[in-house]
Structure formats: C-alpha cells, structure tokens
Amino acid sequence: MAQETIKEVFTVSDRIWRGIGAIPQSGYEVNEQYKKFNARLKFKLNLPTAEENKECISGDIMKGLKKPKQCPNFGNKCKPEHPLGAPMVSSEGSCAAYYHYAQADELVAP
C-alpha cells in the first residue's frame with residue numbers, strides 16, 4: 001500500500017546527493033496531481049545547494065573507493081563534533097562509525 005501511494009504522489013526525478021553529485025532518476029518530486037501540497041511551490045522556497053567541502057573525500061568514501069582512515073583529515077580536522085562532510089555528520093555515517101569504533105577495526109584479522 002505504501003509503495004502504491006508513493007507511485008501515486010511522486011514522480012522519479014534526477015537528484016543531487018551530497019558528496020556524490022547528480023544521479024539521474026535517483027530521487028522523487030511531488031507530481032502534477034499533488035502539486036498543491038508541494039512545500040517548495042506553496043511557500044516559494046528557493047533552497048540553495050549546499051557547497052561541498054573541498055577538503056573532504058566523502059564522495060570517494062560513499063562510493064567505496066576509499067576508507068575513512070585514508071582521508072588526511074580523518075580524526076584531525078574532521079570529527080563528529082566538527083564534520084567536514086556527510087559521512088561524519090550522523091552516527092550512521094561511515095566516517096563517524098570508523099571514528100567511534102576504530103579499536104574494533106584493529107582487532108579484525110586481515
């Protein structure tokens with residue numbers, strides 16, 4: 001039922017993802033039938049795109065090309081209390097997880 005509601009109310013659209021960039025057909029927009037409920041239109045919101053921190057390699061981390069410990073800012077300039085990018089922002093982010101559980105990482109045999 002939930003999936004049918006999503007199909008009814010939204011249409012698939014291109015989306016910009018923090019740290020990764022634009023991914024075609026990876027997001028949703030409120031469709032024409034429900035546009036009166038679209039807050040962006042109703043309140044004339046013009047939300048700016050968040051600037052990516054050039055010191056952060058979050059895109060490579062989120063794509064699995066690098067691990068958090070390969071970032072020169074990990075644990076130094078970039079910590080949970082002062083994140084440089086998306087993977088350190090929440091406790092579910094890969095950098096935050098590495099930061100909090102680095103000792104467990106050391107115990108795992110290669």
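Among the conditions (1) on the phi > 0 side of the Ramachandran plot; (2) free of Cβ contacts under 8 Å to residues at least 12 places away in the same chain, LYS54 misses just one, which is (1).
At least 2 residues being at pLDDT 90 or above and exposed (fewer than 13 other Cβ atoms within 10 Å of the Cβ) is the threshold, and among the helices (runs of 4 or more DSSP H) wholly inside the range 5-110 those reaching it are 39-42. Residues in the range 16-33 that are in contact with a strand residue (DSSP E or B) (Cβ under 8 Å, 6 or more places away or on another chain) and within 18 Å of ASP60 (Cα to Cα): ILE16, TRP17, ALA22, ILE23.
The values are calculated or read from the model by the stated rules, or taken from the named source; none is laboratory data. These numbers come from a predicted model, not from an experiment. Using ideal geometry, Cβ is built from the backbone for each residue, glycine included, and neighbour counts are taken over all protein chains shown.
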